[in-house]
Structures are given as structure tokens and as C-alpha cells.
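What follows is calculated from the coordinates using simple rules that are stated; it is not laboratory data. Predicted, not measured: the structure shown is a model, and the values here were computed from it. Cβ sites come from the backbone with ideal geometry, for glycine too, and all protein chains shown count toward neighbours.
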Amino acid sequence: MSESEHRKLVIVGSGPAGYTAAIYAARAELEPMVVAGLQFGGQLMLTTEVENYPGFPEGITGPDMMELFQKQAERFGAGILLEDATEVDLSERPFRVKTDSRSFTADAVILATGASARWLGLESETRLQNRGVSACATCDGALYRGKPMAVVGGGDTAMEEALFLTRFATKVWVIHRRDALRASKIMQERALANDKIEFVWNAVVEEVIGEEFVTGVRVHDRVTDQRQELPVEALFIAIGHQPNTALFRGQIELDDVGYIVPAPGTSRTSAEGVFACGDAMDPVYRQAVTAAGTGCMAAIDAERWLAEQGLA
Amino acid sequence: MSRIQVFLTSWCPYCRRAVELLRSKGQEFEAIDVEAEPERRDEMTRRAGRSSVPQIFIGSTHVGGYDDLAALEAAGELDALLEV
């Protein structure tokens, strides 16, 4: 391992939160290093059309949007490293952030590590991943053109995925464990009105069926206690997200689920000099635009803190 | 340097990540769009035993998808495979 490089600010994560923090910090001449990670671009890399980010009246694809964010951060001199942070030590200052090939010390750190899709936790689900089981309809939907498919979940992501899949699927079952959806009204209405979508209520997935590739899914109706097999060739899991904060556990305050808990109305974490933004600290809104907003807050909070410490 | 083949589609996000990661390492590769050339999709599924994209081959080694490529990189083993 080479010697540590010192930075005033290291930003961990590269979704809209991380890149917005980088844009602000770079313009404030903090010369931030963005440890972008191998999942660079964050969850937006897995979305098709972003229709609700202001300034794009025709919509824009998630990956295109993240390329623009990255370019804008680079324009002002942010460094971007496509490696995962493997170790983040927030116990003393300067803080330490390590990746495989590099090691940084930092006066301030912004945590923007986002969240990842949650899985059901079935053995058959793991075994058939990339063989018909996926957490990303955008990624894999078109591969099953002309086949029946299913989505598990009842929130906005599930509705979005189901609607997207109707472009390719002969039919899309939406398997939901309750008898009502959590999704926003507009997404519910679109999904319920779509002829290709059929809802399977009060149902849980018991097993994904298939030897080499998915050939079906067995669901259990929790109300009637009936079981049925849906003859699908692809199963998309959309049951929510888990914040990517395992590296920080025990170092800053996290809630029961693992979300970073900032001081109310700020981006300050329980460790002085450490700031948080985006989905890693937001169990409520979880939008690209709110992530960008909190990314901006984190950069401003970090800059002011560094100035107070005489480090900016 | 090993010959690299990436079976991909124009819209797939993990394909984009794979391409970006290989480019960041200064690697040249053959990109095969399995939507534009559906007959090569069968070749991919046969060689990879998987139906998802991307599927990445480095030399004679089937790496897998982007998660597999990223896991190799995270383990510090990708450079050796790329012979850089």
C-alpha cells in the first residue's frame, strides 16, 4: 500500500448526493476526492427514465443523468476514483479512507453511500440470480421479451418495474404481501389500469422454480392458505432498500435499520467533521432531487466546519 | 494483453458500468451488442451459461457479469487477469 494522500475533503459515494456535494465542494476549492465505488452512479444507473428531476422536461435516462453529474463535478476539479472504500476510520482526525490501491487522510468526510435493493433471502432466489431472478427490470427486462414475468413488491419501485416490463412481457404478475399498495397514487393508477398487469394479493414468494433458468415461482396466499405456481421466466424483486452503511457501524449514530442519523435540519453526523447526505441518511423521501439537495447541504456544512477549524 | 469480449446491449446499465471500468483501466475490448446481433445472444448464453447481460470474457476466462468483474477488481485480481 502506498503512502496516504491528504485531502481536505473525501466524499464516499457517487450518486446524485455524492456528486452534488463534489460540485459544491470543488467550486469552494476544497479539491474533494470522490471515492465513487464500483457501483458508481448509484441507483440511478439502474433506472430508465427520470421524469421528475426538474430541468429535464422531456425526461432523461438515469445513466445519462449521472454522466452529466460526474462531468460537472470533474469540471470544477473533483477527483473521482472508481474503487470501493474498503475501510473508513472516523474515530480520530484526520479521518482515514482506504480503497484497494489508495489510502487517504481527510480533514472532513461526506458519507453518500446510498442504499441497495433488498432481496427476499430465499436459497432458490440466490441460486437463480442472473438466471431469471433480478432486482433491476431496467437491466434485464428486455432479455425476457415475449415471456411472462413477475414482480415482487407493492411500492413505487415495484409499480415502475411492472409498468416498464409490460413493454416486453406477455404478462406481468405483481406479487404483494398485503391487500393494498404502498405506491404513490399516480403509479398505482397506472399499474391498476394496465391490461398486462395482474395483481396477486396477500401473497408471499415461497420458492423460485427452475434448474438452470427460472421457469416459475410458487406463491402462498396468506389469507386463503392456497399455493399456486406462476409460469414466469423472470422474477424481479422490488421490496425496498437497505442503506449502505455497514462500514460506519459503531463509528457514528445509525438508526435500527442502519440509516445514518444526522442532527435535525443539518447534514452533521454524531462524529464532528463527518457529514451525511442522500439515501444513506434518508428513509423517507429517497429521490434523486432530495439526494442532490442534501448533497449540497453536506458540502456547505463541511466547508463551514472546515473554515471554523481553520482547515478550509 | 488478453483479448476482452463484452456481450452487452445499448440500454443495460451494468453494461455501461463494465465498459466504464474497463476503459478506466485503459483496456480495449470487443463489444458485442446482442440485440443488434441476436444470433450472438445464443453464443453468449451457450458460452456463459447465463442469459443476462453483460457477460464478460477475458482471454479464455468467463468472468461473468458486472458484479463478478467488480468483485475481481475489489479483490485486486482484475489487473492480473488483464495482464496490466
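Just to verify a number: FRET efficiency for A:LEU68 and A:TYR285, C-beta to C-beta distance, R0 = 30 Å, to 0.05? Intermediate results must be reported in sequence, preceding the final value.
Details: r = 22 Å, r/R0 = 0.72.
The formula returns an efficiency of 0.90 here.
Mind ordering A:181-193, A:48-60, A:94-106 by average Cβ neighbours within 10 Å, highest first? Can you show the working numbers first?
On the way: A:181-193: 15.4, A:48-60: 12.4, A:94-106: 19.3.
Put in order of decreasing packing, that is A:94-106, A:181-193, A:48-60.
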Working from Cα positions, state the angle (0 to 90°, nearest 10) between the long axis of helix A:288-308 and the longest principal axis of chain A.
20 degrees
Going by a 4.7 Å Cβ-Cβ cut-off, which cysteines of the protein assembly as shown have no partner at all?
A:CYS277, A:CYS296
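Given a Förster distance of 30 Å, report the FRET efficiency between A:LEU192 and A:TYR53 from their Cβ-Cβ distance, rounded to the nearest 0.05.
E between A:LEU192 and A:TYR53, to the nearest 0.05, is 0.70.
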Calculate the mean, over all residues of peptide B:3-15, of how many other protein chain Cβ atoms lie within 10 angstrom of the residue's Cβ.
3
Separation in nanometres of the label points that stand 7 Å from Cα toward Cβ, at A:THR266 and B:GLU28:
5.4 nm
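Quick one: compute the contact order of region A:119-237, relative version, from alpha carbon pairs under 8 angstrom and 6+ residues apart, as a percent. Intermediate values should be presented prior to the final figure.
Working: 261 pairs, mean separation 36.8, N = 119.
Once normalised by length, the contact order is 31 percent.
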Could you estimate the translational diffusion coefficient of chain A from the Stokes-Einstein equation, with Rh from the Kirkwood formula over C-alpha pairs, at 25 °C and 0.890 mPa s, in whole µm²/s?
119 µm²/s
Expected sort for A:ASP84, A:ASP179 with the fewest Cβ neighbours (10 Å cutoff) up front is A:ASP179, A:ASP84
Could you tell me how many degrees, from 0 to 90 and to the nearest 10, lie between the Cα long axis of helix A:156-165 and the main elongation axis, the longest principal axis, of the Cα atoms of chain A?
60 degrees
In square nanometres and to one decimal, what's the mean projected area of the convex hull around the Cα atoms of chain B?
4.9 nm²
Under a point spin-label approximation (7 Å from Cα along Cα-to-Cβ), what is the A:ARG145-A:TRP201 distance to one decimal in nm?
3.6 nm
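Would you mind ranking A:ASP64, A:ASP256 so that the residue whose beta carbon has the fewest other beta carbons within 10 Å leads the list? Kindly include the intermediate steps, with their values, before the conclusion.
Details: A:ASP64 14, A:ASP256 5.
In order of increasing Cβ crowding within 10 Å: A:ASP256, A:ASP64.
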With a ≥ b ≥ c taken as the square roots of the eigenvalues of the C-alpha gyration tensor of region A:152-210, please select rounded if a/c is under 1.5 and otherwise prolate if a/b is larger than b/c or oblate if it is not?
oblate
With labels modelled as points extended 7 Å from the Cα through the Cβ direction, what inter-label distance (nm, one decimal) is found for B:ARG46 paired with A:THR224?
4.5 nm
Using only the Cα atoms of region A:18-164, what semi-axes does the equivalent ellipsoid have when each is the square root of 5 times a gyration tensor eigenvalue? Give whole Å, largest first.
33, 21, 12
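Hull surface divided by four, with the convex hull built on the Cα atoms of region A:18-58: how many nm²?
Over all viewing directions, region A:18-58 projects a mean Cα-hull area of 3.8 nm².
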Charge-dipole axis of the protein assembly as shown as Lys and Arg at +1 and Asp and Glu at -1 on Cβ define it, positive-most pick from A:GLY114, B:PHE7, A:ALA193
A:ALA193
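Show that you can apply the helix-only estimate: for the protein assembly as shown, add -39,500 (n - 2.57) for every DSSP H stretch of four or more residues, divide by all residues, and state [θ] at 222 nm to the nearest 500. Present the calculation step by step, with values, prior to reporting the outcome.
Details: 11 runs with 112 residues, N = 396.
So the helix-based figure for the protein assembly as shown works out to -8500 deg cm²/dmol.
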Would you kindly compute the Cα radius of gyration of region A:119-237 and its largest Cα-Cα separation (Dmax), both in Å?
12.9, 38
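Taking 0.36 nm per residue of separation and subtracting the Cα-Cα distance, what length does fully extending A:ARG182 through A:GLU123 add? Write down the numbers at each step before the final one.
On the way: separation 59, 0.36 × 59 = 21.24 nm, distance 2.67 nm.
Length gained, A:ARG182 through A:GLU123: 18.6 nm.
So if R0 is 35 Å, what FRET efficiency would B:ASP67 and A:GLU308 give, r being the distance between their Cβ atoms, rounded to the nearest 0.05?
Numbers: r = 42 Å, r/R0 = 1.20.
E(calc), rounded to 0.05, equals 0.25.
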